[in-house]
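Encoded as C-alpha cells, the structure appears first; notes follow it.
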Amino acid sequence: MHLPHALASLIALASLSGAVARGQAVIEGRVALPKSKSAPVMNKRYQVVTKAGIIATDPPVAVVYLEASFARPASPPKAQMAQKDLMFVTPLLPVQVGTAVEFPNLDDTYHNIFSYSKPKRFDLGRYLPTERPIPSQLFDQPGLVTLHCDIHEHMRGIILVLETPHFTRSDTDGRFRLTGLPAGRYTLKAWISSKTTIERAVELQKGSTLHVDLP
Amino acid sequence: MAMMLVVMGITAVALYFAERSVASDVQRSLRDEFQSEISYLLGVHEALRAALTERCRVLAKSVRIRAALEESDVEDLYAVATVELRDVLHTKDEPDDETGIHTLRARFFRFVDAHGAVIPPPREPGAAAGEEWETRLAPTGGARAEQQIGYVRATDAEGREVIHEVIATPIVKTDTGEIIGAIVLGFKPVALDGKHASSELKSGLWLEGLLHLPTLADATRTAIGSEVARAISNVSRRTRRNVTVPLDGMPHLIFAQPLNPDSQFPRAYHVCFYSLADALARQRKVQWQILGSAALLLLGGLIASHFVSVGFSAPVERLAVDSAKNLAQRERAEAALVLTEKRYRSIFENAVEGIFLLTPEGRFLSANPALARICGYDSPAQLIAEVSDPAHQLYVKPERFEEFIRCLATEGTVSGFEAEAMRKDGRRIWLSQNGRAVRDTGEGTLTLECTIDDISERKQAGDALLVVNAELEKALDDLKQTQQQIIQQERLRALGQMASGIAHDFNNALVPILGFAELLQLNSAILDDRPTALKYLEIIQTAAQDASSVVARLREFYRSRDHHEKFSAIDLTRLIEQAVSLTRPRWKDQAQAGGATIEVRTELAPIPAIAGDESALREVLTNLVFNAVDAMPGGGTITLRTHQLGGSAVIEVADTGTGMSDEVRQRCLEPFFSTKGDRGTGLGLSMVFGIIQRHSGMIDIRSEPGRGTTFVITLPFAQSSVTTHAGPEPAEAMRSLRVLVVEDEPQVRELLAASLGADGHRVELAAHGIDGLKRFLDGTFDLVLTDKAMPGMSGDQLASAIKQIAPKMPIILLTGFGQFLNPEDYPDVNVVAPKPISIPALREAIATALRAA
C-alpha cells in the first residue's frame, strides 16, 4: 500500500538531489519564430519544406543547443527516425555527432531513404517494415542532412548533427527548456532554418535557471 | 520574200513557246523533287527530336536528380547525375557512328540554377576553366515551365567549330510547383545530309547570323552570308520566294527551316543548298535541241520558199492572185506538221525514260538512246544489233520478260511492271516497265510500244527508309520500356497512397456527421424543434450512407463496375440542395473559423430527372464544393447552377477563388495530381471524373488564374427504362409475417426486431444458429432472417438445415461482406443482403425473398 508512494518520492528525491548535487543549470525561454505560411491546423504535426533553397519546418520550430566542444561519448548514442503515414517522424531530428540513427519503416509499403547531403551521403535501398536489422546510419560529421525517399517524392526529413549533447526542440510557439547543463560560458544557438541560426552568449551559474529569449 | 518572213516568224514564235514550256517543266519537277526529299528528312528529324525531349522530361522528374539539385554541392550534383544519366549519356567506348541511335545519346549535360545561370561542373585541379560557350547553355530570361530547345556554337577538343543541340528541361518541385532549376542535355544535331539523302543536297545550321557548314570553305561561307540571311528573312516573313546562291561555281537553291521557333535560345535555322547544276544542264540541253530543230526548220522553209518562187513562179503568181491567203495557211500547216514530227522525234531521242518497240516475239524493232544508256550500250544501234534475245541477255530472270510480253498480248496495256535487269557491264538494276500493244490498222501487224524507267535509286531509297524505320522502331521500343517502368513506379506509389485516399474521403463523410451530432448535443433547443432535429438526423444518415459507400468503393480499386449496375432516376434539384446542406459545416463554420466568409448560391432551373447513382453523384458535388472552398482561402461565392441543354442536364459549380493555370487545369483530373500538398490526396477530382464517365457524362473545366474556376458537368436525362425510385414503399403493402431473426450481435438483433415490428411483423429472436434451428422446429414461420458469421452454426449452414425441413421457406442472409459475396455460392438462401441494412432495403429484401421462395 505504501510501497508505490514511497518509491515515487524516492525517485523524485533522487532526481532532485542529483541536479542539486552536480550543480547543473537550466536555460528556458522562447525563440521568436517566423510566421507559419499555412493555415492553422488542429494537430501540431509539422513537415519539412524547402522554399527558394531554404529548408525549414512548417509550422516553424527551432532546435536550441548549447555550443562548446564537448567530449564525444564513449558508446555511440542511438536515435530513431521512423517513416509513418508516408512522413518522417519526427521530420526534424537533432542528434549529437557520433549518433547511430535507425530508420524503421512503420508503413505497409516500401520506402527508400537516401541523402545527398555533404555531412552524410547514403542510400538505404528499398525495404519493408519487416526488414531486420532496422537499417541505420552513423552520423559522424556535424551539419545538416536532408533525407528523401526515392518512392515518395514529397517525403522530406532533416537530421541536424550537432557537436553537443545539450540540445532540444522548441514547440511551435518557440518555447524551449534545456536542462542538465554544466556551469560555464557558452554560446546558446537556435537553428530555425538552413539559412537562419541565431545565437547569444550565456554564462551559466551552478544550479541556476537562466531565462533567455532569442533574439 | 514575205513567205520567208512568215516562215521565220512562225519558227521564232514556236521556239519561244517551246523553250518557255520546257524551262518551267524542268523547274517544277526540280522543286517537287527537292521538297519531297526535304520533307522526308525533316520527318525523320522531328521523330528523333520527339524521342529526345521525352527522354529529358522523364529525367527531370527523377526524385534523385531533384534531391541532388536541392543540395548546393556541385561536385555531388554532377556525380549523382552522371549515375542517373548513365543510360542517356554517350560513352567513349561506343562506336561513333552516324546512325539515329547514336544521336539519341547526349554528348554532355549541365545543370542550371533557379536564377537561370549554368552551374559549372567541378573541374580537375589544374584544369582550364570552362569554355565561354558553356555559359551560354541556359535559355535567357530566367526559369520557364516549358522545355526549351536551343543551338549553341562551340569548339571541340581539336578546336573545330561544332554545334550542340541542347534541350533545357525545367526541374519542378511537385509539392510547391516551384522551378528549382533545369537540366540541359547537349546532343549532336540531327544531320540532314546523311547518307540517305542525295549527294546534291548540302545542309548546315544558321545561328546568330553565321552559317555552320564544315564542308564549305570559310571564304565561300562569308561570300554567301548575305544571300542566306535573305533566305532566312523570307522564312520569318513567310514569303515563299526562292533564293539562289552560287556555290562551287554552280547556282544552288536555298531552303531554310526554323528549328526552335518558340524557344528562349537564339533562333536557329536549318539551311539546305540544293544544286541546280543537273537541272540547268537538262534545261540547256533541251534549249540546244529546240534551237537546232528550229534552224533545220528555218532552212527547210527557206529552201521551200525559194523552190516555190523559182520553179512555179507563174502558177504561184496566179494562185497568189486567186488565193494568196489560202496558200499562206497551207504553208503554215505544213510547217507545223514538220515541227510536230521533229518534236516527237526529239522527245524519243532525248527522253530520260527508255523507249522501244518490240515485235510480239520480243525482238527489238527500235530503241532510243536512253534505253541504250540504261542497259549499258553505247548506242541504240549497238543494242538492237547485239541483243537478239532480250529475255536472256537483259533480264536476271528471263521468265519475267516473258511474263511482260504475255501480259501485253493478253491485257493490251501493262504499267509499273518491275523487274531486275542486267546491264552490259554486269551491274544489276531495277526497271519499271510500261507497255501498250498497238495493232497497225493497215497491215494488222502487232507492235509493242514500251517505256522503261531505271528505279534502282528509288529501290535503294526504299531500303534505306526501312533501315531508318527499324531504328525509329527501336527508339520507340526504348521509350515504351521507360514508360512501362514509370507506370510500375506509379503503381507502387498508388498502393501507398490508396490508404490515405480512402481516409480522406471517409473524413469528408464524417464532417457532417460529427458537426451535426455535436450541434444536436450542444444545443438542446434544437432537439425540441422536431422538424429541424429530423432534418439534421436526415443529413447525418445521408452522410453515413456515403461513408459506407466509400468502403464499398474500395472494391472499385481492383474491379471494374458491374455491368448490371442499376441507375435510378435522380432529381438534381434535391441532390444539389442535399449537397449544399451536407457541406455546410465545411464552407460555413470551418471557413468562418478561418476568417473567411463563403456564400453558397443556387440557381436551379426545373429539369427532368437524370439516370444515375445517387450517392456517387452526391460525392461528385460535395467534392467539387470542397475544392471550391479550398480555392477560396479569403472567402467568396460558390454558385451551383443547373439548366437543360438538348437531351442533357448541365450542372455548373463555380467559385470566385484563385483559379488554375493552364497546366494545372489540364492535369487536375489525373489521379494523384494535387496542388494542396499534404492536405490533398490528388484523388478527389479523378474520382469525380471516373464517376461522371460512368454516367456517360462529360466534364469541362473553365478556369482563369485569379478569376475562379467553373466545373461544367453534363449528364444525359433518364431513359424510360430507368427504375423510378419513388421512396420507401408503403408498409401496408406487406401482410403481417411471422419472422425468425437469428443474429448473435444483441444490438443488431434488437434493431432488426424493432424495424420488423414497426412494419407489423411478429418477430421471434434467436442468438445463434443452433438456437435458431431449435426455435424454427418449435414454431411456425413465414420467413427466416439470419446473420452469416455466427459462432457454432453459421447462417448458411442454418439455411441448408432449414431447407431440408422446409424447402419452400424464404431465407434472407445478412452479411457485412455483402458486396464481396457471390449469391450463387449460397443456393439455400433466397436473398443475400448487405449489412448494415436500411429499412427500405430490408422491405425490398423481404419482398424479393417471398417472391423467390
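The values are calculated or read from the model by the stated rules, or taken from the named source; none is laboratory data. On a predicted model such as this, the values are computed, not experimentally measured, just so you know. We place every Cβ from the backbone using ideal geometry, glycine too, and count neighbours over all the protein chains shown.
Values for this structure:
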{"quantity": "Members of segment B:624-680 that are surrounded by 16 or more Cβ atoms within 10 Å (Cβ to Cβ), away from every other protein chain (no Cβ under 14 Å) and charged (D, E, K, R)", "calculated": "B:641, B:652, B:655, B:665"}
{"quantity": "Single residue of B:374, B:384 found to be out of contact with any helix residue (DSSP H, G or I) (no Cβ under 6 Å at 6 or more places or on another chain), without any contact (Cβ under 8 Å) to a residue 40 or more places away in the chain and outside any strand (DSSP E or B)", "calculated": "B:384"}
{"quantity": "Single residue of segment A:52-84 satisfying the filter (surrounded by 15 or more Cβ atoms within 10 Å (Cβ to Cβ) and within 14 Å of chain B (Cβ to nearest Cβ)) that is farthest from the chain's Cα centre (by Cα)", "calculated": "A:53"}
{"quantity": "Pairs where the first residue, in segment B:664-688, is modelled with pLDDT under 75 and the second is among the hydroxyl-bearing types (Ser, Thr, Tyr), C-beta under 6 Å, 6+ apart", "calculated": "B:671/B:686; B:680/B:674; B:681/B:500; B:682/B:674"}
{"quantity": "Leading residue by the ranking (modelled with the highest pLDDT) among those in segment B:803-845 that are assigned to a loop (DSSP other than H, G, I, E, B) and of a type in the set (Gly, Ala, Ser)", "calculated": "B:806"}
{"quantity": "Of the criteria (1) farther than 19 Å from residue B:717 by Cα; (2) touching a residue at least 24 places away in the same chain (Cβ under 8 Å); (3) of a type in the set (D, E, K, R), which one residue B:588 fails", "calculated": "(2)"}
{"quantity": "Top-ranked residue of segment B:570-623 - restricted to ones that are touching a strand residue (DSSP E or B) at 6+ places or on another chain (Cβ under 6 Å) and among the acidic types (Asp, Glu), ranked as nearest to the other protein chains (Cβ to nearest Cβ)", "calculated": "B:599"}
{"quantity": "Tally, over segment B:161-197, of residues that are within 14 Å of chain A (Cβ to nearest Cβ) and modelled with pLDDT under 70", "calculated": "1"}
{"quantity": "Lone unmet requirement of (1) in contact (Cβ under 8 Å) with a residue 24 or more places away in the chain; (2) more than 16 Å from residue B:360 (Cα to Cα); (3) buried (at least 18 other Cβ atoms within 10 Å of the Cβ) for residue B:424", "calculated": "(3)"}
{"quantity": "Qualifying residue in segment A:76-97 (condition: assigned to a strand (DSSP E or B) and among the acidic types (Asp, Glu))", "calculated": "no"}
{"quantity": "Conditions (1) outside any loop (DSSP other than H, G, I, E, B); (2) touching a residue at least 60 places away in the same chain (Cβ under 8 Å); (3) closer than 25 Å to residue A:57 by Cα; (4) not polar (S, T, N, Q); number of the one not met by residue A:195", "calculated": "(1)"}
{"quantity": "Helices (runs of 4 or more DSSP H) lying entirely in segment B:1-113 (those with 2 or more residues that are β-branched (Val, Ile, Thr), at pLDDT below 75 and surrounded by 16 or more Cβ atoms within 10 Å (Cβ to Cβ))", "calculated": "B:2-60"}
{"quantity": "Test: residue in segment B:720-737 that is under 15 Å from residue B:849 (Cα atoms), at pLDDT 85 or above and buried (at least 17 other Cβ atoms within 10 Å of the Cβ)", "calculated": "yes"}
{"quantity": "Selection from segment A:137-164 of residues that are surrounded by fewer than 17 Cβ atoms within 10 Å (Cβ to Cβ), away from chain B (no Cβ under 14 Å) and not in a loop (DSSP other than H, G, I, E, B)", "calculated": "A:138"}
{"quantity": "Test: residue A:89 is surrounded by fewer than 18 Cβ atoms within 10 Å (Cβ to Cβ), away from every other protein chain (no Cβ under 11 Å) and either modelled with pLDDT of 90 or more or touching a strand residue (DSSP E or B) at 6+ places or on another chain (Cβ under 6 Å) (or both)", "calculated": "yes"}
{"quantity": "Count - residues of segment B:410-455 that are in contact with a Phe, Trp or Tyr (Cβ under 8 Å, 6 or more places away or on another chain) and not in a strand (DSSP E or B)", "calculated": "2"}
{"quantity": "Single residue of B:527, B:448, B:472 found to be surrounded by fewer than 14 Cβ atoms within 10 Å (Cβ to Cβ), modelled with pLDDT of 80 or more and either under 25 Å from residue B:590 (Cα atoms) or more than 14 Å from chain A (Cβ to nearest Cβ) (or both)", "calculated": "B:527"}
{"quantity": "Residues located in segment B:749-794, provided they are touching a Ser or Thr at 6+ places or on another chain (Cβ under 6 Å) and surrounded by fewer than 18 Cβ atoms within 10 Å (Cβ to Cβ)", "calculated": "B:760"}
{"quantity": "Residue A:108 vs. criteria within 20 Å of the chain's Cα centre (by Cα), farther than 21 Å from residue A:72 by Cβ and not in a strand (DSSP E or B)", "calculated": "no"}
{"quantity": "Residue list for segment A:111-136, filter: more than 10 Å from chain B (Cβ to nearest Cβ) and assigned to a strand (DSSP E or B)", "calculated": "A:113, A:120, A:122, A:124, A:125, A:127, A:136"}
{"quantity": "Residues of segment B:334-371 that turn out to be of a type in the set (Asp, Glu) and part of a helix (DSSP H, G or I), as a count", "calculated": "3"}
{"quantity": "Hits in segment B:583-642 (condition: assigned to a loop (DSSP other than H, G, I, E, B) and among the hydrophobic types (A, V, I, L, M, F, W, C))", "calculated": "B:596, B:605, B:607, B:609, B:631, B:632"}
{"quantity": "Qualifying residue in segment B:127-148 (condition: assigned to a strand (DSSP E or B), buried (at least 18 other Cβ atoms within 10 Å of the Cβ), at pLDDT 75 or above and among the aliphatic types (A, V, I, L, M))", "calculated": "no"}
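Table: residues versus (1) at pLDDT below 75; (2) in contact with a strand residue (DSSP E or B) (Cβ under 9 Å, 6 or more places away or on another chain); (3) aromatic (Phe, Trp, Tyr); (4) more than 30 Å from residue B:234 (Cβ to Cβ).
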residue	(1), (2), (3), (4)
B:302	no, no, no, yes
B:308	yes, no, no, yes
B:312	yes, no, yes, yes
B:326	yes, no, no, yes
B:333	no, no, no, yes
B:360	no, yes, no, yes
B:371	no, yes, no, yes
